[in-house]
Amino acid sequence: MTKPLGAASVGDANDNRRRLEEYVSRKILVIVSEHGYWAEELIGPVSKFDERGYEVIFATPTGKRAHALPPSLDANYIDPPLGRSVTTEENARLGREFEQSSRLDSPLDIEAWVPERPYTSDEGYLHKLEQYHRDLDKLDADIAGYDAVLIVGGSGPIVDLANNERVHALILAFEKAGKVVAAECYGVACLAFARDWGDRRSIIRGKHVTGHCKEYDYKDGTGFLGTDFNMGPPPYPLEYILRDATGPRGAYHGNFGKPVSVIVDFPFVTGRSTPDSYLTGQKIVEVLEDGLTRYGW
């Protein structure tokens, strides 16, 4: 029997084939805001998934197509806190190409997919609450075929992802199933607010994470798509929320002044901001393929 190119033996070839089949079978749920994502924070990790042949399924809060924030497609845009561009010509081009492609045209509708907990004032509250929990059990089955979930960053998540209980339910389901839970930039707020309804503690309590640090927050001009709302600084300093959510036995790592900040504390993979996007995707791949459980702290 002729050995395949690059294989030391037939056994090695079979092992390589099995590993390749395993990689190709990976399936990633990528959640994107309908109020604007930062282009590199989407194309960075997704490009790493594409390289490995993963199946990428996009989802948005109400099933609308997500769009990139215009500054993230402009290599000449000067980031106010840093006083320089944070987007290369290459990433601007890749972002525009992704935006013009059809990949984001038909995302899953999280509102239609994931149940919402009823108000305590609702008529028939107990019956509705019981049905809510039955529907959550179905969600566990729905995500069984996925290997990871990623919350893409940008300012948009502040509006429709951070305090979205349906998004929280998805995160909790992935975490409960022992699957990878990843987030970037302001999207990391979703992890801080994803909490069991009983003890109300964040799922990142006792964990190590990164996210948009205080020094990177705008003092003015935090903008969103799909609304006229354009504000000064973000409505909350993410760093402070993450420091509190991780508790005394966890930690927030801003790594301000360092070129990149990506933290792996299984099952969580978090990226600080734009420059960390490709590495965030790479570390998700390494968690899935190599069993990486800790990185960056």
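Taking only protein heavy atoms and a 1.4 Å probe, the accessible area of the chain is 50% carbon and sulfur.
Between segment 138-202 and segment 233-297, the C-alpha centres lie 15 angstrom from each other.
Computed with a 1.4 Å probe over protein heavy atoms only, the accessible surface of the chain comes to 47 Å² per residue. Among 131-138, 32-39, 222-229, 64-71, sorting by the average number of other beta carbon atoms lying within 10 angstrom of each residue, highest first, gives 32-39, 64-71, 222-229, 131-138. Rounded, prolate or oblate: pick one for segment 218-297, where a ≥ b ≥ c are the square roots of the eigenvalues of its C-alpha gyration tensor, a/c under 1.5 means rounded, and failing that, prolate if a/b is larger than b/c, else oblate. Prolate is the answer for segment 218-297, as a/c is 1.5 or above and a/b outweighs b/c. Each DSSP beta bridge with both residues in segment 197-297 is either parallel or antiparallel, and the antiparallel ones are about 80%. For segment 32-181, the number of Lys pairs with C-alpha atoms closer than 27 Å, counting only pairs eight or more positions apart or on separate chains, is 9. Of all DSSP-defined beta bridges confined to segment 129-251, some 40% are antiparallel rather than parallel. How much net charge surrounds residue 54 when only the other residues with a Cβ under 9 Å from the Cβ of residue 54 are counted, with Lys and Arg +1 and Asp and Glu -1? That works out to 0.
Other residues with beta-carbon under 12 Å from the beta-carbon of residue 128 carry, at +1 per Lys or Arg and -1 per Asp or Glu, a net charge of -3. Beta bridges assigned by DSSP with both partners in the chain are antiparallel in approximately 35 percent of cases. Under the combined filter of DSSP loop state and at most 10 neighbouring Cβ atoms within 10 Å, segment 91-142 retains these GluC sites (Glu not before Pro): 123. For residue 250, neighbours were defined as the other residues whose beta-carbon sits under 12 Å from its Cβ, and their charges (Lys and Arg +1, Asp and Glu -1) total +3. Where (i) 29.8; (ii) 18.2; (iii) 14.9 are the candidate values, the label of the one calculated here for mean projected area of the Cα convex hull in nm² is (ii). Among the trypsin sites (Lys or Arg not before Pro) found in segment 150-248, those both in a DSSP coil and sparsely packed, with 10 or fewer other Cβ atoms within 10 Å of their Cβ, are 200, 219.
Each stretch of four or more DSSP H residues adds -39500 (n - 2.57); spread over every residue of the chain, this sum gives -10500 deg cm²/dmol at 222 nm.
The values are calculated or read from the model by the stated rules, or taken from the named source; none is laboratory data. Everything numeric here is computed off the predicted structure, so don't read it as measured data. Here Cβ is always computed from backbone atoms with ideal geometry, including for glycine, and neighbour counts include all displayed protein chains. In case anyone asks, the SASA skips ligands and DNA or RNA and just uses the protein heavy atoms, side chains included. Shrake-Rupley method; radii C 1.70, N 1.55, O 1.52, S 1.80 Å.
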